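Visitor: Please read through the structure below; I'll follow up with questions.
Each reported figure results from applying straightforward, stated rules to the coordinates on display, with no laboratory input. All figures in this text were calculated on a predicted structure; none of them were measured in a lab. Neighbour counts run over all protein chains shown; Cβ positions are idealised from the backbone, glycine included.
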Amino acid sequence: DAREQLGIELVTFREESRLHTLVMVDLDEPFEEQQTFREQFHWVVANLPFSMTKTKADFTEGDVLLPYIPPHPAKGTPTHRYAVVAFEQSDAGQTRISGVEASRDMVLHEFAAKHKLRPVGISFFRATWNESVDEVYRDILNLPPPSFGPMPKPRKNVGPDGRKISAYENY
């Protein structure tokens, strides 16, 4: 159940501890203004130590830049792809990330470039709308659940005032 924060395990094959940043991103968030899709960040945790012997994430050791929100593909949207990406931080994982202004509408490759992050692991999953998604909108996001769908087709034999028109009238 992805409603709860995910458990993360990262095998690094490094004896020494290195700092990592974990990012969870929805790759298919509807972007209504441009009638397309964009990325939406669901979770960012920086400064997590991993090594050959420490492979499970202990989120109390890291810095939460964006708190976790569960996947929430809106009704009427296609299947959403989610990626959880592990990045090694700069200077071979020795530099801490601090003072970062994170937002949910960042772009993943720009975020990684700006903070000199190197991808070292990735996991994908997909999700589609079901009734529990509406609970995420109401209970966690405090928003009314959106619903997307095909636009209604205009009726050719009805005028803008709703009355039936003959084939010889012009509008």
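Visitor: Between 77, 128, 53, find the one with the highest GNM mean-square fluctuation for the chain; connect C-alpha pairs within less than 10 Å.
Guide: Comparing 77, 128, 53 in the GNM, the peak value goes to 53.
Visitor: Also, I was wondering about something else. Can you give the net charge of the other residues whose Cβ lies under 15 Å from the Cβ of residue 59, counting K and R as +1 and D and E as -1?
Guide: Its environment carries a net charge of -3.
Visitor: Of the candidates 156, 56, 114, which one comes out as most mobile in a Gaussian network treatment of the chain with C-alpha springs shorter than 10 Å?
Guide: 156
Visitor: Express the C-alpha Rg of the stretch 49-171 as a ratio against the empirical globular expectation 2.2 N^0.38 Å, rounded to two decimals.
Guide: Here the answer is 1.72, to two decimals.
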